[in-house]
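The block underneath contains the structure these notes are about, expressed in C-alpha cells.
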Amino acid sequence: MQIVKNIIDLNNTLKSSKKEEKKIGLVPTMGSLHEGHLSLIKTALKSCDEVWVSIFINPTQFNDPKDFECYPKDFENDINTINSISSKINLFIPESVNEIYPDDITVDEFELGFVNKVLEAKYRPGHFDGVATIINKLFNIFLPQVVFFGEKDFQQTLVIRNLIDSFFPNISLVICPTVRNENGLALSSRNKLLSVNSYKNCGIIFGCLLFAKENYLKTDYADLLNIIKSKIEKINEFNLEYFEIRDEITLEPFGKSNNEGRFRGFICVKVEGVRLIDNLLLD
Ligand code: AMP
C-alpha cells in the first residue's frame with residue numbers, strides 16, 4: 001500500500017500509471033471508514049488495475065462549523081483497515097487543507113440545477129457546492145476511468161452525475177448499494193457520534209422507509225408523513241427533519257406532475273442533534 005500526502009508526489013505516481021495505461025478507480029471518502037466505504041473499495045478492486053482511496057474532510061461541504069469540528073477522524077485506524085483488505089490499495093491523504101485549497105477555502109461555481117434546491121440542499125445550503133468543488137478537484141487530479149459512490153447519499157450521486165455529464169464524459173460512475181447494520185441502519189461515520197441507546201433505536205429510520213414503500217400508493221401523502229413523523233418523534237431525542245417522496249432522476253415531488261417515474265423515499269432524522277440520512281427506492 002502506498003500513502004501519498006501531497007499533490008506533487010501524487011502527480012508523479014499517477015504519471016507512470018497513466019503511461020502504463022492502467023485503469024484507475026477512485027473512491028473519494030472523508031475517512032472514519034466502515035463497511036459501507038469498504039464495499040465501494042472492494043467493488044473498485046474487482047474492476048480496476050489501480051485503486052485510489054482519498055481521505056479528506058472537505059471543509060467547504062459543511063454548512064455548520066460545529067458539524068465540521070465534530071466530524072469523526074481516525075486516520076491511523078483507516079490506514080490499518082485499508083491495509084487489512086488489500087495491500088494493492090493506494091491512499092491519498094492530503095497533509096493539509098492547503099494541498100487542496102492552496103489559495104482560499106472557497107467553493108467553485110457549478111450549475112447544478114434543481115438537485116441543488118431540494119432535500120439536503122434545502123437543509124444544508126451550500127453543501128452540494130462544496131461537494132461539487134472537491135469532487136471536481138479530485139477528478140481533475142486523478143483523471144480516473146471509474147469512480148465509486150454510495151447509494152446511501154443518493155442525492156449526491158445525482159450531483160456527481162451532473163458533474164460527469166458536464167465536464168468528465170470519459171469517467172464511468174458506479175453506484176454501490178447501501179450497507180446497513182443488523183437493524184437496517186445505514187452505516188455512516190456519523191453513527192459514532194450517537195449514544196449507545198439512540199444507536200439501538202436507529203433501526204426506525206429504515207423501518208419508516210420500508211413502511212413508506214409498503215404504503216405510499218395506498219395512503220394519502222399527508223397521512224403517511226404524519227405516521228412517519230410520529231413513529232420517529234415518539235423516541236426521545238429523535239426529530240424528523242424531512243421525509244419526502246421524489247422522482248429519483250428529476251427529484252420532482254411525487255404526485256405533483258405525472259407519476260410515471262421511479263420514486264424514492266428520502267429521509268433525514270436528527271438523533272441527539274446528529275443528522276442521519278437514508279433513502280430507498282419505493283417502486
Ligand atoms: P463519506 O466518507 O461519508 O463522504 O462517504 C464516502 C463514500 O462512501 C460516499 O460515496 C458515500 O455515499 C459512501 N457510503 C457511505 N456510507 C455508505 C453505506 N452505508 N453504504 C454504501 N456506501 C456508503
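Read-outs throughout are calculated quantities, based only on the coordinates presented, and are distinct from any laboratory measurement. Fair warning: this is a prediction, and the values are worked out from it, not measured in the lab. Heads up, the Cβs are rebuilt from the backbone with ideal geometry, glycines too, and the neighbour counts pull from every protein chain shown.
Values computed for the structure shown
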| item | result |
| --- | --- |
| ASN226-SER47 pseudo-label distance in nm [points 7 Å out on the Cα-to-Cβ vector] | 4.5 |
| Euclidean distance of C-alpha centroids, segment 233-283 and segment 110-134, integer Å | 16 |
| Ratio of Rg to Rh over segment 189-281 (Cα coordinates, Kirkwood Rh, two decimals) | 1.00 |
| For the chain, calculated [θ]222 nm from helices alone, where every DSSP H run of n ≥ 4 adds -39500 (n - 2.57) | -12000 deg cm²/dmol |
| Selection from ILE228, TYR199, LEU251 lying farthest towards where the dipole of segment 189-281 points positive, charges on Cβ | TYR199 |
| Where only alpha carbons of segment 3-176 are counted, the Rg and the Dmax (Å) | 15.5, 45 |
| Low-density loop cleavage sites - GluC sites (Glu not before Pro) in segment 1-85, where at most 14 other Cβ are within 10 Å (DSSP) | GLU20, GLU21 |
| In segment 201-283, the GluC sites (Glu not before Pro) that fall in loop regions by DSSP, at most 12 other Cβ within 10 Å | GLU260 |
| Cα-centred dipole magnitude for segment 199-283, charges only on beta-carbon of K, R (+1) and D, E (-1), debye, nearest 20 | 200 |
